[in-house]
Amino acid sequence: MTLIDRTLGRLARRVGVVAAAVVTAAASALVAAPPASAATYQYDCRRLLGSGSYSNPVSLGDVTGRTVVAVNCPPLTSGAGYAHRYFSFTLTRPARVPSYAGAFFALDATRRSAVNPSLSRGAWTIMHTSAGVWTYNRAGAANGRYLPLGPLPGGGVLPAGTYRLNLQKLDSPLRSLSTPWFNVAVAVS
């Protein structure tokens, strides 16, 4: 065996030991359960407390440090200039970056009207729908609209408190009679 072969052999063994230690550390990190505060909670929108009106919003509860998803929310339909459904949630501490609240949905030829979020606290609107960030599927169709809670568009993060998420149908009745069924997500890290 030449000197080069022996040197390469020792180097390969050292690299192998280091690699094994890294793999073991990574595996032990992956096996450890995430803290309960980092969990995702999913609920049927129609079974949550609240009617969805301004004075009786659907309650998503405390969402600090976790993600709450309300699935299968019925469509918002035309009949007035706007159609709304209100949700409330409480932050027990300020939001961290990244955090967001909004809706995801699937648009098609019969349901072209998106679900658009705005955020308020008490009587004050914090963010209008115009601050919403669109998401798109691979085909280029809009499939979500979210408001950033951390960082806020003007800087900073949303402070602790109870908020009302207003989900709206903005298209006129002539363009679309209904939004699709949608899911509401509030993710606060």
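The values are calculated or read from the model by the stated rules, or taken from the named source; none is laboratory data. All values reported here derive from a predicted model rather than from experimental measurement. Heads up, the Cβs are rebuilt from the backbone with ideal geometry, glycines too, and the neighbour counts pull from every protein chain shown. For the accessible areas, the whole protein counts, side chains as well, though only heavy atoms, and no ligand, DNA or RNA atoms are used. Shrake-Rupley method; radii C 1.70, N 1.55, O 1.52, S 1.80 Å.
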Can you report the number of residues in segment 39-58 which are of a type outside the set (D, E, K, R) and open to solvent by 50 Å² or more (accessible area, probe 1.4 Å)? 9
Mind listing just one residue for me: the one in segment 100-121 that is open to solvent by 40 Å² or more (accessible area, probe 1.4 Å) and of a type outside the set (Phe, Trp, Tyr) and, of those, nearest to Pro75 (Cα to Cα)? Arg111
Just for segment 152-189: of the residues that are at pLDDT below 90 and of a type in the set (Lys, Arg), which one is most open to solvent (accessible area, probe 1.4 Å)? Arg175
Which of the residues spanning segment 127-151 are open to solvent by 70 Å² or more (accessible area, probe 1.4 Å), part of a strand (DSSP E or B) and out of contact with any Pro (no Cβ under 7 Å at 6 or more places or on another chain)? Trp134, Tyr136
Out of the residues in segment 94-126 that are of a type in the set (S, T, N, Q) and in a loop (DSSP other than H, G, I, E, B), which is modelled with the highest pLDDT? Ser113
